[in-house]
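The values are calculated or read from the model by the stated rules, or taken from the named source; none is laboratory data. These figures come from a predicted structure and were not determined experimentally. We place every Cβ from the backbone using ideal geometry, glycine too, and count neighbours over all the protein chains shown. Just the protein is used for accessible areas: all its heavy atoms, side chains included, with ligands, DNA and RNA removed. Shrake-Rupley method; radii C 1.70, N 1.55, O 1.52, S 1.80 Å.
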Amino acid sequence: MSKPSSSPTQKFTSRRAFLQGSGLLLGFTMLGAGTRPGFAAAEPVEGDVTAAFSPDAFIRIDSDGKITFILPNIEMGQGTHTGEATLIAEELEVGLDQVKVVDAPPNDKLYATAALGGQATGGSTSMRATWESLRKAGAVARTMLVAAAAAQWAVPISECSAKLGVVTHQPTGRQLAYGALADAAGKQPVPSDVKLKAPTDFQLIGKSLRRVDTAGKVNGAVVYGIDVRVPGMKVATVAACPVIGGKLGDVDETAARAVPGVRDIVRLDNAVAVIGDHFWAAKKGLEALTITWDEGANARLSSDDMMNTLKAASKNKTPIMARQEGDVAGALKAAVNTVEASYELPFLAHAPMEPVNCVVHVRADECEIWLGTQVPTQAQGWAAQVTGFPLDKIIVHNHLIGGGFGRRLVAEYVGQAVAIAKQVSYPVKVIWTREEDIQHDLYRPTYYDRISAGLGADGLPTVWIDHVAGGSVLGNYIPGGWPQDKLDDDAVEGAAKPPYDLPVIQVDWVREDPPVPITWWRGVGPTHNVFVVESFMDELAYAVGRDPVEYRRALTKNQPRAAGVLELAAEKSGWGSPLPAGSGRGISLHDAFGSFMAAVLEISVSAAGEITLQRAVVAVDCGIAINPNTVEAQIEGGLIFGLSAALYSGITFSNGRVDQSNFHDYRILRNNEAPKIEVYHVKSLESPGGIGETATVSAGPALANAIFAATGKRLRSLPIDRNQLKSDGADKTSVSMVPPPAAPLLAVLANSRERPETGIVTEAEAL
């Protein structure tokens, strides 16, 4: 099956300004088909669109009092449904226990997130994007309901108020419930302007409310995509060519067809699927196939090859400038000392607990799909291309997602599932095995950075230069649609605007797309760039004999929100207090996704190189916290996700194949390995920032900096290589937190010139 070049939500930006500058706000182009489908028609949501009162795309109130919120963003464990419902309920004056929440149908016209250019959930944008729009929707509906009550009573609107779904006439105490007012409210004019509540009047926003999906998850009532069952359904599992870009050759089906329960075997151009009465039959049938693959041009591809290509590109290709301020050459010439380092980061898989799955029924004139996706209109677009049906004949039922992390921002697997279902008459649930899910993921890119700083007499940077090299996620997301000479903002996010006072700065990017499919991850650009920036900032502090927190403090005098989280994290972590031998604290500070965060990680390292995570202290300024419990849960989960990647996770390639296959060699942090996590909020009246990815960004640099504090060994590549941390007889645990101020620069740096056993050079030098 050929991959469509673009689909409904594939036109969205590298998290920020792409669409504002490109004019591609909503529509999409099926480049592979040469067509430009229109928007999907609004689809009924369990009958709620026909409710007595439907003032907008988000609120339905029936005459019997049933209140339904149609929410634009998908729930995948991050608390979006609760947060968005809270925004509407706050202004509508109802409680969360009074409403039913459903997912919006595919409709870019009604439910697109402007920042993402389509109906999509990602980039930590859900609360930021809906902060005003959903509150206004609630306020408009409340205004119309109150006006309907005032008209029925023939009293001034000013004498009426609403609370918990009831309108009260204050002078007389008369009351009408929203359900009784629904028909009349629908006849009221829609106000063009409404006044939103001041934060001091919030009744729900800012409270740690119970999530709207908790009960259903506890009693099993909620349905994830992988749970879907429809009448007559069979189950399929898939094997794609293990080499990226390879094709299906020959298949001997004899043994597979003898497996009890196997019903059909379907061939695609790069994969084969076995369909059975149940998953076990399909899996055993797939294992019984004898498959010959045409491995293609990538049959000898390796991780070393790709990193060497990236290094060569970093040094030889003309970079694209991301930021340049001040006289870089002059500042370098005037610097007292110059420090240089290089960093490497691996490909990363998403590995959500719920692997790729999709239920499809292709009928004569329509296609019905059940799944969990972050991009429902994109899923619709893939199905339309494969079937040839118009969009209004593609019915999509979206469900809860058991972890997305960006994987379900691409719906190419829908195209595969539809291509399979198209060849049979019954509904098919396609489920990828864990091995298929990890080995055929769309990965976070690998990166290589060369970074340097010139230091003044006070040891602070007078010039900062960061050369970033890596693939363009946006370029991979829109094949052929992103110019080679144009900056992908995501590639330098977290590097181009670090939260520091840097008088002279140059950040540039070399685009070197790997022959590996890449996409958004839980943080993407910042997960790489903040690791580099914060690790190097630590190197500079130690190089000049200054405490890492004090050093950052000196560079955030004009960055009040960054300084606020820095001070709070340092205070709550007990920064500077004594620790046992072999222990250390590391700090990371960043501004990403509209939020500021400082994280302090306290660890110990044994003589055998084993790391124990003792404690994590996180200070966050995310503006107004809509639900503080959700913020804390996202920070805890994001930190665990990021620490897992830093400690254990990395996707490597040998002979064109992914080496990792399951959670035994693509590890996730286990319960007994997790640190005690403390989260502290900076109270703020700023608009909400994103929170789903911020702690993932903090994890790697805080860990690497803590390792240096504990061992004196500076690690500049991830995941952590424990062989580098083993005791070699030297008293590494006696390295002081702050080297003596009189220590020569070269002597301080000598402690951090460790080289990985792979032979990859990652060195810091004083020039």
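Looking at region 488-504, which of its residues are among the hydrophobic types (A, V, I, L, M, F, W, C) and buried (at least 24 other Cβ atoms within 10 Å of the Cβ)?
Residues of region 488-504 among the hydrophobic types (A, V, I, L, M, F, W, C): 491-492, 495-496, 502, 504.
Residues satisfying the conditions are A491, V492, A495.
Mind checking which residues of region 37-83 are within 28 Å of A384 (Cβ to Cβ), in a loop (DSSP other than H, G, I, E, B) and at pLDDT 95 or above?
S54, D56, A57, F58, P72, N73, I74, E75, M76
If a residue must be within 22 Å of N308 (Cα to Cα) and of a type in the set (S, T, N, Q), how many such residues does region 440-464 contain? So that I can check it myself, show each step before the final result.
Pass one, region 440-464, residues within 22 Å of N308 (Cα to Cα): 442-452.
Remaining after also requiring of a type in the set (S, T, N, Q): 446, 452.
Qualifying residue count, region 440-464: 2.
So which of G586, G525 ends up being out of contact with any Cys (no Cβ under 7 Å at 6 or more places or on another chain) and modelled with pLDDT under 95?
On the way: G586 fails: modelled with pLDDT under 95.
Result: G525 is the single residue among G586, G525 that is out of contact with any Cys (no Cβ under 7 Å at 6 or more places or on another chain) and modelled with pLDDT under 95.
Determine the pairs where a residue that is on the phi > 0 side of the Ramachandran plot, located within region 319-338, has a partner that is surrounded by 13 or more Cβ atoms within 10 Å (Cβ to Cβ) with Cβ atoms under 9 Å apart, the partner being 6 or more residues away or on another chain.
The qualifying pairs are G326/V463; G326/L502; G326/P503; G326/V504; G326/I505; G326/Q506.
Say we look at region 367-387 and pick out the residues that are within 9 Å of H397 (Cα to Cα) and touching a Cys at 6+ places or on another chain (Cβ under 8 Å); which of these is most open to solvent (accessible area, probe 1.4 Å)?
Per the stated criteria, the residue is W370.
Is there a residue in region 208-222 that is among the small types (G, A, S), open to solvent by 20 Å² or more (accessible area, probe 1.4 Å) and under 19 Å from T68 (Cα atoms)?
Yes, region 208-222 has at least one match.
Limited to region 280-299, what total is found for residues that are under 20 Å from N655 (Cα atoms) and among the charged types (D, E, K, R)?
Adding up the residues that qualify gives 2.
Conditions tested, residue by residue: (1) of a type in the set (A, V, I, L, M, F, W, C); (2) more than 24 Å from W520 (Cα to Cα); (3) under 30 Å from the mean Cα position of the chain (by Cα); (4) open to solvent by less than 60 Å² (accessible area, probe 1.4 Å).
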{"residue": "V262", "(1), (2), (3), (4)": "yes, yes, no, yes"}
{"residue": "V266", "(1), (2), (3), (4)": "yes, yes, no, yes"}
{"residue": "L301", "(1), (2), (3), (4)": "yes, no, yes, yes"}
{"residue": "A313", "(1), (2), (3), (4)": "yes, no, yes, yes"}
{"residue": "K317", "(1), (2), (3), (4)": "no, yes, yes, no"}
{"residue": "I320", "(1), (2), (3), (4)": "yes, no, yes, yes"}
{"residue": "V360", "(1), (2), (3), (4)": "yes, yes, yes, yes"}
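Are any residues in region 421-460 part of a loop (DSSP other than H, G, I, E, B) and within 30 Å of F531 (Cβ to Cβ), and if so, which ones? First the steps, then the outcome.
Here is the first cut: in region 421-460, the residues part of a loop (DSSP other than H, G, I, E, B) are 422-427, 432-433, 440-442, 445-446, 456-460.
Within region 421-460, W432, H440, D441, L442, P445, T446, G456, A457, D458, G459, L460 qualify.
Select from region 245-260 the residues that are open to solvent by 60 Å² or more (accessible area, probe 1.4 Å) and either in contact with an Asp or Glu (Cβ under 6 Å, 6 or more places away or on another chain) or more than 27 Å from I651 (Cα to Cα) (or both) and list them in ascending order. Please lay out each step first, then the result.
Filtering region 245-260 down to residues open to solvent by 60 Å² or more (accessible area, probe 1.4 Å) leaves 245, 247, 250, 252, 254, 257-258, 260.
Selection gives K247, D250, D252, T254, R257, A258, P260.
Within region 248-260, does at least one residue satisfy the condition of being assigned to a loop (DSSP other than H, G, I, E, B), under 29 Å from L371 (Cα atoms) and modelled with pLDDT under 95?
no
Any residue that is over 30 Å from T130 (Cα atoms), crowded, with 23+ Cβ neighbours inside 10 Å and at pLDDT 95 or above - is there at least one of those in region 617-636?
Kept after step one, since they are over 30 Å from T130 (Cα atoms), are these residues of region 617-636: none.
Scanning region 617-636, I find no residue that is over 30 Å from T130 (Cα atoms), crowded, with 23+ Cβ neighbours inside 10 Å and at pLDDT 95 or above, so the answer is no.
Output the qualifying pairs, or none if there are none: Cβ atoms under 6 angstrom, residues six or more apart or on different chains, first residue in region 250-274 and closer than 16 Å to K284 by Cβ, second residue of a type in the set (K, R).
V259/K284; R263/K234
Considering each of I691, I640 in turn, give the residue that is closer than 29 Å to V492 by Cβ, among the β-branched types (V, I, T) and in a loop (DSSP other than H, G, I, E, B).
Numbers: I640 fails: in a loop (DSSP other than H, G, I, E, B).
Within the list I691, I640, the selection yields I691.
Has region 654-670 got at least one residue that is touching a residue at least 40 places away in the same chain (Cβ under 8 Å), closer than 24 Å to E571 by Cα and hydrophobic (A, V, I, L, M, F, W, C)?
Looking for residues that are touching a residue at least 40 places away in the same chain (Cβ under 8 Å), closer than 24 Å to E571 by Cα and hydrophobic (A, V, I, L, M, F, W, C), one finds none in region 654-670, hence no.
Run down I691, I707, I677 and say which single residue is surrounded by fewer than 21 Cβ atoms within 10 Å (Cβ to Cβ), farther than 30 Å from V243 by Cβ and in contact with a helix residue (DSSP H, G or I) (Cβ under 8 Å, 6 or more places away or on another chain). Outline the logic, then answer.
Numbers: I691 fails: surrounded by fewer than 21 Cβ atoms within 10 Å (Cβ to Cβ); I707 fails: surrounded by fewer than 21 Cβ atoms within 10 Å (Cβ to Cβ).
Result of the check over I691, I707, I677: I677.
Among the listed residues P231, P242, which satisfies the condition of being part of a loop (DSSP other than H, G, I, E, B) and surrounded by fewer than 15 Cβ atoms within 10 Å (Cβ to Cβ)?
Of the residues listed, the single one that is part of a loop (DSSP other than H, G, I, E, B) and surrounded by fewer than 15 Cβ atoms within 10 Å (Cβ to Cβ) is P231.
Which ones in region 450-464 are touching a Leu at 6+ places or on another chain (Cβ under 8 Å) and not hydroxyl-bearing (S, T, Y)?
A453, G454, L455, G459, L460, P461, V463, W464
Kindly indicate whether A341 is farther than 13 Å from R511 by Cα, small (G, A, S) and open to solvent by 50 Å² or more (accessible area, probe 1.4 Å). Working first, answer last.
Values: farther than 13 Å from R511 by Cα: yes; small (G, A, S): yes; open to solvent by 50 Å² or more (accessible area, probe 1.4 Å): no.
Against the criterion (farther than 13 Å from R511 by Cα, small (G, A, S) and open to solvent by 50 Å² or more (accessible area, probe 1.4 Å)), A341 does not qualify.
Among the listed residues G564, G523, G574, which satisfies the condition of being under 21 Å from G690 (Cα atoms), open to solvent by 10 Å² or more (accessible area, probe 1.4 Å) and either over 29 Å from the mean Cα position of the chain (by Cα) or of a type outside the set (F, W, Y) (or both)? Walk me through it before giving the result.
Working: G523 fails: open to solvent by 10 Å² or more (accessible area, probe 1.4 Å); G574 fails: under 21 Å from G690 (Cα atoms).
The match here is G564.
Restricting the first residue to region 212-241 and requiring it to be free of Cβ contacts under 8 Å to residues at least 24 places away in the same chain and more than 30 Å from Q439 (Cβ to Cβ), which pairs with a second residue that is in a helix (DSSP H, G or I) and among the aliphatic types (A, V, I, L, M) meet a Cβ separation below 8 Å and a spacing of at least six or different chains?
Matching pairs, first to second residue: A221/A215.
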